[in-house]
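*Asks:* I am attaching a structure below and will ask some questions about it afterwards.
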Amino acid sequence: MRKKTVPKEIKSLKTVFIYAGIVLFFVFISFAIKTFFVIQHSKYDGQHTFTIVIAKNHKVGELIAFNPSTPSFSLLHIVSGDVPLISYGKLLAVAADGTVDSNEDIPYGTKVTTTMLYLLLHFNSIKTNLTLYDIGRLLLLSKNVSETDKKIKDIQLPVEDIEQDKINTSLFTDDTLSSENTSIQIINATDMPGIGKRLERVITNIGGNVVAVSTAQTKENVSKIQSSNNETYTIKKLKNLFKFPVTKPDNPAVGNITIIIGEDNVNTSAF
């Protein structure tokens, strides 16, 4: 008997399906790996207060603090006043977890969901230290905030420090940081007078408990955070905000946490 031969067209079709399957498999693997790294590098943990600064052409227009436990958000809209993104911490005396900068017209205002949707859709054209995953989650959070859980404040700069601090604490207090109430000592180990008090303002305005600010007798080259317990939320928050390394304390300190400001932060604009 003669063997039946498979038409060349069927063989070619099978080959196409096999190659297509292989390509789709590698596309899926590549997408999964990329998604994994995006999630791994995300900054928003979905549990604690998360504050972002939004700027247009390097000038700050808004600060938004998202609180997932309520859910709620607080918004500070800068109506007038020049606040360069690079020095918002120093000028406004508040610290943020993430920054966004755009060269295009960001829709500022009370509709935070619209703002976050814009950032999501224009992610490739903005400059940010957030991931697409972060922005997507903050967008979903904003959609679930009721009108009664929104705090919105317009501000015209400049304002007195006392007034600025009052506004900041009402909008940007981190509830977990405040509830831990960990005592913090700040030591200025530089020749720059007043830098310790500036850091105190920033930490206090987000709910930190600063119990002492002093000046070291000798200078330190590198800033650092000292604590015997490196796993608390307060430690992790301070480390993420100011990028100081965490080390064990050399000697017993006044506070549970000691922040030493070194010469590497003399010209900082973060506080």
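*Asks:* May I ask you to list the residues in the range 178-200 that are of a type outside the set (S, T, N, Q), part of a helix (DSSP H, G or I) and surrounded by fewer than 19 Cβ atoms within 10 Å (Cβ to Cβ)? Outline the logic, then answer.
*Replies:* Quick first cut of the range 178-200, residues of a type outside the set (S, T, N, Q) only: 180, 184, 186-187, 189, 191-200.
Still in the list and also part of a helix (DSSP H, G or I): 180, 195-200.
Within the range 178-200, E180, K197 qualify.
*Asks:* Another one. Let me spell it out: the conditions are (1) within 19 Å of D165 (Cα to Cα); (2) among the small types (G, A, S); (3) surrounded by 16 or more Cβ atoms within 10 Å (Cβ to Cβ), and S142 meets all of them except one. Which number is the exception?
*Replies:* (1)
*Asks:* Given (1) at pLDDT below 95; (2) in contact with a Gly (Cβ under 9 Å, 6 or more places away or on another chain); (3) within 30 Å of S72 (Cβ to Cβ); (4) buried (at least 17 other Cβ atoms within 10 Å of the Cβ), where does N256 come up short, assuming only one miss?
*Replies:* Of everything listed in (1) at pLDDT below 95; (2) in contact with a Gly (Cβ under 9 Å, 6 or more places away or on another chain); (3) within 30 Å of S72 (Cβ to Cβ); (4) buried (at least 17 other Cβ atoms within 10 Å of the Cβ), N256 misses just condition (2).
*Asks:* Another question about this same structure. Anything in the range 100-124 that is of a type in the set (A, V, I, L, M, F, W, C), at pLDDT 95 or above and within 27 Å of K237 (Cβ to Cβ)? List them, or say none. Show your work before the answer.
*Replies:* Of the residues in the range 100-124, the ones of a type in the set (A, V, I, L, M, F, W, C) are 100, 106, 112, 116-117, 119-121, 123.
Add one more test, that the residue is at pLDDT 95 or above, and what stays is 100, 112, 116-117, 119-121, 123.
V100, V112, M116, L119, L120, F123 - these are the residues of the range 100-124 that are of a type in the set (A, V, I, L, M, F, W, C), at pLDDT 95 or above and within 27 Å of K237 (Cβ to Cβ).
*Asks:* With the structure loaded, tell me whether D97 is crowded, with 17+ Cβ neighbours inside 10 Å, within 20 Å of D149 (Cβ to Cβ), modelled with pLDDT of 95 or more and not basic (K, R) or whether it fails that test. Let's see the steps before the verdict.
*Replies:* Numbers: crowded, with 17+ Cβ neighbours inside 10 Å: yes; within 20 Å of D149 (Cβ to Cβ): yes; modelled with pLDDT of 95 or more: yes; not basic (K, R): yes.
Yes.
*Asks:* Could I ask something else about it? Check the range 164-177 and report whether any residue there is in a helix (DSSP H, G or I), closer than 30 Å to N251 by Cβ, in contact with a helix residue (DSSP H, G or I) (Cβ under 6 Å, 6 or more places away or on another chain) and at pLDDT 95 or above. First the steps, then the outcome.
*Replies:* Looking only at the range 164-177, we keep the residues that are in a helix (DSSP H, G or I), and these are 164-172, 175-177.
With closer than 30 Å to N251 by Cβ added as a condition, the list becomes 176-177.
Filter once more, keeping what is in contact with a helix residue (DSSP H, G or I) (Cβ under 6 Å, 6 or more places away or on another chain): 176-177.
Next, from what is left, pick out any that are at pLDDT 95 or above: 176-177.
The answer is yes; a qualifying residue exists.
*Asks:* While we're on this one: Checking the conditions here, which among T115, T110 is in a loop (DSSP other than H, G, I, E, B) and in contact (Cβ under 8 Å) with a residue 24 or more places away in the chain? I'd like the intermediate steps shown before the answer.
*Replies:* Details: T115 fails: in a loop (DSSP other than H, G, I, E, B).
T110 is the lone residue from the list that is in a loop (DSSP other than H, G, I, E, B) and in contact (Cβ under 8 Å) with a residue 24 or more places away in the chain.
The values are calculated or read from the model by the stated rules, or taken from the named source; none is laboratory data. Predicted model only: the values in this text are computed from it and were never measured. Note that each Cβ is placed from the backbone with ideal geometry, even for glycine, and that neighbours are counted across all protein chains shown.
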